[in-house]
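A short write-up of the structure that comes next.
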Amino acid sequence: MKRLSFVFVVVFATAVAHAQTSVLPRPAGIEPDVQFWVNVYTKVDTRSGYIHDSQHLAIVYRLVRFEDSASRSQRTRQLNQAYQEIRNVLAVLAAGKRANLTSEEERILSLWPEGVSNDDLRASSENLRFQLGQADRFRGGLIRSGTWRSYIEAVLAERGLPLELVALPHVESSFDPTAYSKVGAAGMWQFTRSTGLRYMRIDHIVDERRDPFISTVAASRLLENNFDVLQSWPLAITAYNHGQAGMRRAVRQQGTDEIETILRNYEGRTFGFASRNFYVAFLAAVQVDQNYEDYFGPLTFEEAAQTAVIEIPDYLTVSTLASALNTDRDLLRSWNPALTDAVWSGDKFVPRGFELRLPSQFLANSTDLFASVAETQRYTAQMPDITHRVSSGDSLSEISDRYGVSIASLVQLNGLRSRNFIRIGQILKLPGSDGRVPMTLAQLNGAEPIESEGLVSSGNYVVRAGDSIEFIAQKFGVPEDQLLANNRISDKNRIFIGQVLRIGSLVAREEEVTTVAVDPESSIPLVDKTEVLPAEGRLPGSLEIEPEFPVAENVLSSAQAEMAADPSDYLVRLDGSIEVQALETLGHYADWLGIRTQRLRDINRMPFGRAVVIGQRLELDYSQIDRTTFEQRRIDYQQRTQEAFFLSYQITDTVEHVVRSGESLWVLALRRYRVPVWLLRQFNPDLDLDLVRPGTVVKFPELQVITSAGEFQG
């Protein structure tokens, strides 16, 4: 696309001073864009907005105001009429008319610098865009921010991150922890599922993206990792929206990490309006946040949250919990937005080990808050899920009719990529529980043991310290494979103290049914679970985000945004080649392309038996499918594989290791730090793992194991 040969000089003294002292640069060339977003945040509310040029934000053609009672269709008609009127004027001007102008033609021409070309005016006719105002939301977000601002600033300071990042939730959610976007991002920091799983628990019982405290720590880790990889805060912040891979690709193509050059010139296929404007919108949010009185006058902020957390000792109902704490369940819910609707409706228990957040005064006394909860109200396991195994001929429509649930619920609850694709044998979760109630502590402790200590009359055995599947199977004369099958356990080394195992023929399970695969690069098991998204619905009063700009322009950019923390480039280059990434084989490429593996060997002159190497470039054959379909299949595979891993492991921090003479990164990863090589490479994407010299600093992610019940193991 042709670029204008001029820039708008709108430089404020405060911005210049800021650019000189901050790690967040504000080049003069992007100041018009920043000012556009300042106006959006402060001058127009959600009942009005600007029609503007999407490439040159200083060109604002019209302020459009909607009647409060206007329906969506009425607003659309009003906008379409305004678009057509502006396009008619631009068409006249683009034809060369400069004399005897009407007042409207003269006004629109005056928005452009003297000497603007006909081509630029013609191009602008295709670049018209409407931006809804945000002043009322921003003001509300400022007031709400008082609840968490001090906590966010403390987390940022602790990790050595720019304190200006406290303003990022203004851009993402207006500081609403229950916000849920139309593309599936959730919480105050608007994490997608794939990215959020790296740092938080996300399933149909607990969605920690909606906890403003937990998600703040997760956001700080993601932003810190973005900076470690990109070494530039403008790029790291843009990567929060566009992903690390996208920004690395932009730097490579432009040959610079200068943010203005990238924003003006980078033409990546998935680098749309949202990504191009994310950094300038953030700078505008910082400016308004730090000088809010200049825009909104005096404001009274909500008081900072004075809370603490206490660990839930057993599986409890919400009613039991509220009664024990002598508090209202609605207040309890407001303090703990991470618990999903399934818990509040009673279909699921508050899980054991969940860190319940309460006002500090609840914990003022050292007494056990749960001492009054009887053993008859304490459960040993989560309420089992309702499941359906997909059979030949099944469709989501037929399944939804059979069980009386909506197709949207099935898609959301199971994390389905499409309502048109399910596979035979797939296990689908359904809303609710299957009616079986797990044992209470009273039943467990009061029952007569059978045959041996630990086995109760119901045929269940509670795992104790030192137990193993082999020991338990021998103790009760049950074949190991039968014991594993009874409990749907695929890795016999993954049992934990307190786990209830079914010795008989019935299956007793924890919150998730898991099967285990092994990453060929690592001895760490990868849990392959049925994907689960948050329960349907949002908390009362939650904000469904209508983005200030589109979050994703197409399916491919949406899929990439899901993997924002992955720096690997999964797109096809202009010459049709790709870079081999971790977890991929020649067989994968052949499957995604719909061709034989030998065809790929032939065109790349690879002898039989030679494997592809990470970082190697390959030529592909797109005779059966197009490049975009290949990219979508590739990203989908990586997303599913990585999500499976992060259902069993969470990143808690990073540690720097200085390589010594004789050390191998492969050995360090697999034996010392217990990190799969593909994840190590994501934290060190520019490092050749086979050619690391002594003294090189390598970042290793620290991982914490999660049990099948969503609990952590030390």
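The values are calculated or read from the model by the stated rules, or taken from the named source; none is laboratory data. Just so you know, these numbers come straight off a predicted model, no measurement behind them. Cβ: placed from backbone, ideal geometry, glycine included. Neighbour counts: every protein chain shown.
Inspect segment 445-466 for any residue being at pLDDT 75 or above and surrounded by 13 or more Cβ atoms within 10 Å (Cβ to Cβ) and give the result as yes or no. Checking segment 445-466: not a single residue is at pLDDT 75 or above and surrounded by 13 or more Cβ atoms within 10 Å (Cβ to Cβ).
Which one of these is among the acidic types (Asp, Glu) and out of contact with any strand residue (DSSP E or B) (no Cβ under 9 Å at 6 or more places or on another chain): GLU85, GLU106? If you could, list the steps in order and put the result at the bottom.
Details: GLU85 fails: out of contact with any strand residue (DSSP E or B) (no Cβ under 9 Å at 6 or more places or on another chain).
Matching residue, one of GLU85, GLU106: GLU106.
Just one of the listed residues (THR629, THR641, THR597, THR654) is surrounded by 14 or more Cβ atoms within 10 Å (Cβ to Cβ), over 21 Å from ASP228 (Cα atoms) and in contact (Cβ under 8 Å) with a residue 60 or more places away in the chain, namely THR641.
Against the criterion of being outside any strand (DSSP E or B), touching a helix residue (DSSP H, G or I) at 6+ places or on another chain (Cβ under 7 Å), among the acidic types (Asp, Glu) and in contact (Cβ under 8 Å) with a residue 24 or more places away in the chain, GLU164 qualifies. When ASP330, ASP314, ASP257, ASP228 are checked against the criterion of being surrounded by fewer than 20 Cβ atoms within 10 Å (Cβ to Cβ) and over 26 Å from the mean Cα position of the chain (by Cα), ASP330 stands alone in meeting it.
Flag not set for THR270, criterion: in a helix (DSSP H, G or I) and closer than 19 Å to THR192 by Cβ. Given the condition hydroxyl-bearing (Ser, Thr, Tyr), over 33 Å from the mean Cα position of the chain (by Cα) and at pLDDT 95 or above, answer yes or no: does some residue in segment 614-622 qualify? There is no residue in segment 614-622 that is hydroxyl-bearing (Ser, Thr, Tyr), over 33 Å from the mean Cα position of the chain (by Cα) and at pLDDT 95 or above. Evaluate the following for PHE12: is it at pLDDT below 95, surrounded by 17 or more Cβ atoms within 10 Å (Cβ to Cβ), outside the structural domain of ARG122 (by TED's automatic domain parsing) and not polar (S, T, N, Q)? So PHE12 does not fit the description; no.
Of the residues ILE262, ILE312, which is at pLDDT 95 or above and either under 22 Å from GLN638 (Cβ atoms) or not aromatic (Phe, Trp, Tyr) (or both)?
Values: ILE312 fails: at pLDDT 95 or above.
Selected residue: ILE262, the only one of ILE262, ILE312 that is at pLDDT 95 or above and either under 22 Å from GLN638 (Cβ atoms) or not aromatic (Phe, Trp, Tyr) (or both).
Of the residues making up segment 196-218, those that are among the hydroxyl-bearing types (Ser, Thr, Tyr) and modelled with pLDDT under 95 number 0.
Under 26 Å from GLY243 (Cβ atoms) and among the aliphatic types (A, V, I, L, M): is that true of ALA590 in this structure? Judged against the criteria, ALA590 is not a match.
Could you check, for segment 63-70, whether at least one of its residues is within 29 Å of ILE259 (Cβ to Cβ) and either in contact (Cβ under 8 Å) with a residue 24 or more places away in the chain or surrounded by 20 or more Cβ atoms within 10 Å (Cβ to Cβ) (or both)? No, segment 63-70 has no match at all. Among the residues of segment 626-659, those that are under 27 Å from ARG159 (Cβ atoms) and part of a loop (DSSP other than H, G, I, E, B) comprise LEU647, SER648, VAL659.
Could you tell me whether ILE399 is outside any loop (DSSP other than H, G, I, E, B) and at pLDDT 75 or above? Yes: the conditions hold for ILE399.
Every residue, every condition in (1) among the charged types (D, E, K, R); (2) modelled with pLDDT of 80 or more; (3) surrounded by 17 or more Cβ atoms within 10 Å (Cβ to Cβ); (4) closer than 29 Å to ARG352 by Cβ, yes or no:
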| residue | (1), (2), (3), (4) |
| --- | --- |
| THR376 | no, yes, no, yes |
| MET383 | no, yes, yes, yes |
| SER392 | no, yes, no, no |
| SER395 | no, yes, no, no |
| TYR403 | no, no, no, yes |
| GLN412 | no, no, yes, yes |
| GLY415 | no, no, yes, yes |
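Every residue in segment 91-129 that is small (Gly, Ala, Ser), surrounded by 13 or more Cβ atoms within 10 Å (Cβ to Cβ) and either touching an Asp or Glu at 6+ places or on another chain (Cβ under 6 Å) or assigned to a loop (DSSP other than H, G, I, E, B) (or both), please. Answer for segment 91-129, where residues must be small (Gly, Ala, Ser), surrounded by 13 or more Cβ atoms within 10 Å (Cβ to Cβ) and either touching an Asp or Glu at 6+ places or on another chain (Cβ under 6 Å) or assigned to a loop (DSSP other than H, G, I, E, B) (or both): SER117, SER124. Are there any pairs, at least 6 apart or on different chains, whose C-beta atoms fall under 8 Å, with the first in segment 674-698 and within 14 Å of ILE651 (Cα to Cα) and without any contact (Cβ under 8 Å) to a residue 60 or more places away in the chain and the second crowded, with 19+ Cβ neighbours inside 10 Å and not hydroxyl-bearing (Ser, Thr, Tyr), and if so, which? Once the first residue is within 14 Å of ILE651 (Cα to Cα) and without any contact (Cβ under 8 Å) to a residue 60 or more places away in the chain and sits in segment 674-698, its partners that are crowded, with 19+ Cβ neighbours inside 10 Å and not hydroxyl-bearing (Ser, Thr, Tyr) give LEU679/PHE645; LEU679/PRO701; LEU680/LEU665; LEU680/ALA669; LEU680/VAL698; LEU680/PHE700; LEU680/PRO701.
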